[in-house]
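Read through the structure below, which is laid out as structure tokens, and then see the notes.
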Amino acid sequence: MAIQRKNKFEDNVAELEKYEAEAQEKNAEVVKKITGKRGRPARQEERKALPTYIPMSLYEDFNKITTAYGISNNAAICQLIRDYVDSKRDML
């Protein structure tokens, strides 16, 4: 009889998702208290990490631009991907 071990990574991911859901609920409550309106419901969507390697000089320029616009690097990358997908959607 084989011993089945728990996958710690999956347990940690589940715990983080639980904390994220709780944080989103708290944020919705704060928005409701401040504005009297409910915030947008959070979409539970799977996420995908995209590892990439770029030259450091390109990253530094990218970081300066995102900082100047006041957005995070992740938000800028998501926007770039959305724009790319929208422009190529007719290929699907």
Subset tally (residues that are part of a helix (DSSP H, G or I) and more than 20 Å from residue 52 (Cβ to Cβ)) for segment 74-92: 4
Cβ pairs under 9 Å, 6+ apart, first in segment 11-26 and without any contact (Cβ under 8 Å) to a residue 40 or more places away in the chain, second of a type outside the set (A, V, I, L, M, F, W, C) and surrounded by 10 or more Cβ atoms within 10 Å (Cβ to Cβ): 24/39
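Every number in this text was worked out from the coordinates using simple rules, so none of it is lab data. Source: prediction; values computed, not measured. Every residue, glycine as well, gets a Cβ built from its backbone with ideal geometry; the counts of neighbours run over all protein chains shown.
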